[in-house]
Amino acid sequence: MIWYDDLFLGQSISPRRKKRIIRKVNRRSVFGAEYLLTLPSNPDNLLDIISVRVVRQRYYPKKEMVVIGLAGNYEEAVLLAGEIITSVYKVSGSFRVKDYFQKSSSDPGEEGQSC
C-alpha cells in the first residue's frame, strides 16, 4: 500500500487520528468507520472509496493501492472525493485523476510524492 505524502483529509480527521489510522491500516487491525480514498482500480472510475474494514481482507495489502485521502465517514468521503476531483480539474484541466497523481508522484521535487 502506498500512502500519498500530502493526504487529503476530511474535516473529522485530525493529524493525530491520521497517524493512528495509517498505523492500524498497515497492521491490518482496523475496526473503525473511516474511509480511504484511493486511485481507481478500474480505469473507468475517477476514485475508489473503500471502508477501512475492507482493508483487513488479505486481498488488499498485496495490491498496489495508492491512498490519497482519508475521511471519517461515507458522506465526508464523498465530499472529499469531490474536492479532490475539483482541485485536479483546476490544476490540470482534465478529470484524469489517476494520471495526475501518478505524474506528480514520479516528478522529483514536487509535493505529494508517495512514501
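Values quoted throughout were computed directly from the atomic coordinates according to the rules given, and no laboratory measurement underlies them. This one's a predicted model, so the numbers in the text were calculated from it and none came from an experiment. As a convention, Cβ positions derive from the backbone with ideal geometry for all residues, glycine included, and neighbour counts pool all protein chains shown.
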Item to check | 26 Å tail of the calculated P(r), the chain, as % of Cα pairs | outcome: 13 percent
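List the trypsin sites (Lys or Arg not before Pro) in the range 41-83 that DSSP assigns to loop (not H, G, I, E or B) and whose Cβ has at most 14 other Cβ atoms within 10 Å. Which are they?
Working: sites: Arg53, Arg56, Arg58, Lys62, Lys63; in loops: Arg53, Arg58, Lys63.
Those that pass, being in a loop and sparsely packed, are Arg53, Arg58, Lys63.
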Next on the checklist: I want the local charge near Ile68. Using Cβ-Cβ distances under 12 Å, sum +1 for each Lys or Arg and -1 for each Asp or Glu among the other residues.
Outcome noted: -3
Item to check | Virtual spin-label span in nm between Phe95 and Glu64, 7 Å along Cα→Cβ | outcome: 2.6 nm
Item to check | Positive dipole terminus of the chain, leading residue within Gly82, Val66, Phe95 (C-beta point charges) | outcome: Val66
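Where does each of 6-14, 40-48 land if you order them by average Cβ count within 10 Å, highest first? Intermediate values should be presented prior to the final figure.
Working: 6-14: 15.3, 40-48: 12.3.
The densest-packed peptide leads the list: 6-14, 40-48.
What GluC sites (Glu not before Pro) in the range 1-80 are in a loop by DSSP, with at most 11 other Cβ atoms within 10 Å of the Cβ? Walk me through the intermediate numbers first.
Working: sites: Glu34, Glu64, Glu75, Glu76; in loops: Glu34, Glu64.
Of the GluC sites (Glu not before Pro), the ones in loops of the range 1-80 whose Cβ has at most 11 other Cβ atoms within 10 Å are Glu64.
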Checklist entry - How would you rank Ile50, Ile21, Ile2, going from fewest to most other Cβ atoms within 10 Å of each one's own Cβ? => result Ile2, Ile50, Ile21
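Counting other beta carbons within 10 Å of each residue's own, what order do Lys103, Lys90 fall into, fewest first?
Working: Lys103 12, Lys90 8.
Going from sparsest to densest Cβ surroundings: Lys90, Lys103.
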